[in-house]
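Engineer: I'd like to ask you about the structure that follows.
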Amino acid sequence: NFFVAEDWNEKKILIEFEGVYKDACVYINGKEAGKNAYGYTQFLIDTEGFLQYGKTNEIKVVVDNSQHPNSRWYTGSGIHRPVWMHIGNKEHIRHQGLRITTLSHQPARIQVETEHTGEEVQVEIRHEGKIVASGKGDNLSLDIPSAKLWSDESPHLYQCVVQLKKDGEIVDQIVEDFGIRTIEWNANGLFVN
């Protein structure tokens, strides 16, 4: 049981389960809010429509491990990894909603895709504290001049700073480190860059 503040009705609230073994069903205040069959994967529960604001709420997780034995790694049952509550703005960058892909490394070109529920997306690529590329939009292709490539011998990292704006104000932000590199697998082996 936990108390939900009245002003949280203006927020987006997700509950992240890193692992529940197995066939989990999550109830919020007696109503089914979501399910996850596999016991080793994370899953999210969106609380919208289930929480009672300004009141004490109940979250109940029911698991079915009746098909025993069913695993050689975990013999128990129930919540076996951390549980997180993510509280953010209604306008937000979706959980794991940022994807950075290397399109080419000569010249260095990346793609930045952002899933969100807001208005305007501003992207900055930074290296050693300096902005090396920037743009606006949900799906950008950006050139990185004089890029330093990531490899096992020289693991150069860049920062992607994504800001979600509404009426010119920042309502959400994600900062993600990434390396510029290409990976190829063929009959001769694994090749980086």
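Engineer: Which one is farthest from PHE191 (Cα to Cα) among residues in the range 122-148 that are part of a strand (DSSP E or B) and among the acidic types (Asp, Glu)?
Structural biologist: Within the range 122-148, the first condition is being part of a strand (DSSP E or B), and the residues that meet it are 122-127, 130-136, 139-143.
Imposing the further condition that a residue be among the acidic types (Asp, Glu) reduces the set to 124, 143.
On the way: GLU124: 29, ASP143: 22 Å.
Step by step, filter the range 122-148, then rank; the result is GLU124.
Engineer: While we're here: Take the residues of the range 91-121 that are open to solvent by 70 Å² or more (accessible area, probe 1.4 Å) and part of a loop (DSSP other than H, G, I, E, B): which is farthest from PHE191 (Cα to Cα)?
Structural biologist: GLU119
Engineer: Among the residues of the range 8-56, write down those that are β-branched (Val, Ile, Thr), open to solvent by 30 Å² or more (accessible area, probe 1.4 Å) and within 16 Å of MET85 (Cβ to Cβ).
Structural biologist: THR56
Engineer: Okay, moving on. Taking interchain pairs and intrachain pairs at least six residues apart, which have beta carbon atoms under 7 angstrom, with the first residue in the range 36-53 and over 21 Å from GLN67 (Cα atoms) and the second among the polar types (S, T, N, Q) and crowded, with 19+ Cβ neighbours inside 10 Å?
Structural biologist: Cβ pairs passing all conditions: PHE43/ASN36.
Engineer: Going by the conditions given, is GLU32 touching a residue at least 40 places away in the same chain (Cβ under 8 Å) and of a type in the set (D, E, K, R)? Outline the logic, then answer.
Structural biologist: Details: touching a residue at least 40 places away in the same chain (Cβ under 8 Å): no; of a type in the set (D, E, K, R): yes.
No, not satisfied.
Engineer: Just to confirm my filter: which strands (runs of 3 or more DSSP E) fall fully inside the range 149-193 and include at least 1 residues that are open to solvent by 40 Å² or more (accessible area, probe 1.4 Å) and in contact with a Ser or Thr (Cβ under 6 Å, 6 or more places away or on another chain)? Working first, answer last.
Structural biologist: Numbers: elements: 158-166, 169-178, 183-186, 189-192.
Result: 189-192.
The values are calculated or read from the model by the stated rules, or taken from the named source; none is laboratory data. Note that the structure is a prediction, hence the values are computed from the model and not measured. Please note: Cβ atoms are built from the backbone with ideal geometry, for glycine as well, and neighbour counts cover all protein chains shown. Ligands, DNA and RNA are excluded from the accessible area calculation, which covers all protein heavy atoms including side chains. Shrake-Rupley method; radii C 1.70, N 1.55, O 1.52, S 1.80 Å.
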